[in-house]
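Single-structure report; data block below.
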Amino acid sequence: MAAAVLRMATPEDVPTILGFVRALAAYERLENEVLATEADFQASLFGTPARAEALLAEVEGKPAGVAVWFYNFSTFRGRHGLFVEDIFVEPAHRGSGIGRAIFRFLAQRAIAQGCARMDWDVLDWNETAIRFYRSLGAHPLDGWTRQRLTGTALEALARA
């Protein structure tokens, strides 16, 4: 198998990125959660200001994987961090080193930009991904549970 080439996404890649997001949602059994449109990705990745970034992994010129990330801030560290929102590698390309190459790229980017840390979420049932993340040296944040407000609850709080 040919080596993957990683490159930053361009506006022309938005349909491919959304396709990968939908494939990830299907894998995670969350298809009904995907409400994003191409216009949403266009605005978030390439608008002014851009709120997120993305890269594509290509094998022989064809998309094989994606990563989407944004920057957060740690008040305890006094520095920003890189949050990996999504990473997805096509099933046919898993085990070929693409995931590791993407995480290496993101770690290098985080260090170059002065980030104190790199975080991401993983579903608790995804043991394959968890094993992979452990092989990278990642560790779980035991004792923390992410909280979320969406839809009507978010709107109600904003109006309160």
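The values are calculated or read from the model by the stated rules, or taken from the named source; none is laboratory data. Keep in mind that this is a model prediction, so the values were computed, not measured. Methodologically, a virtual Cβ is constructed for each residue, glycine included, from the backbone with ideal geometry; neighbour enumeration extends over all protein chains shown.
Beta carbons closer than 7 Å, at least 6 apart along the sequence or on distinct chains, pair a first residue in region 25-40 that is under 19 Å from Pro15 (Cβ atoms) with a second that is assigned to a helix (DSSP H, G or I) and acidic (Asp, Glu) for Ala25/Glu31; Ala25/Glu33.
None of Val89, Val122 is touching a residue at least 24 places away in the same chain (Cβ under 8 Å) and either under 24 Å from Ala9 (Cα atoms) or touching an Asp or Glu at 6+ places or on another chain (Cβ under 8 Å) (or both) except Val89. Remark: pairs (first residue in region 73-84, touching a residue at least 60 places away in the same chain (Cβ under 8 Å); second residue of a type outside the set (Ser, Thr, Tyr) and surrounded by 10 or more Cβ atoms within 10 Å (Cβ to Cβ); Cβ separation under 8 Å; 6+ apart in sequence or on different chains) are absent.
If I filter region 1-10 for residues that are closer than 18 Å to Ala101 by Cβ, aliphatic (A, V, I, L, M) and touching a His at 6+ places or on another chain (Cβ under 7 Å), do I get at least one hit? No: zero hits.
Among the residues of region 49-61, those that are out of contact with any Gly (no Cβ under 6 Å at 6 or more places or on another chain) and either surrounded by 15 or more Cβ atoms within 10 Å (Cβ to Cβ) or closer than 18 Å to Thr16 by Cα (or both) comprise Ala52, Glu53, Ala54, Leu55, Leu56, Glu58, Val59, Glu60, Gly61. For Gly151, the conditions (1) out of contact with any Gly (no Cβ under 6 Å at 6 or more places or on another chain); (2) surrounded by fewer than 17 Cβ atoms within 10 Å (Cβ to Cβ); (3) at pLDDT 95 or above all hold with the exception of (3). Within region 62-100, the residues that satisfy the criterion of being in a helix (DSSP H, G or I) and surrounded by 18 or more Cβ atoms within 10 Å (Cβ to Cβ) are His93, Ile98, Gly99.
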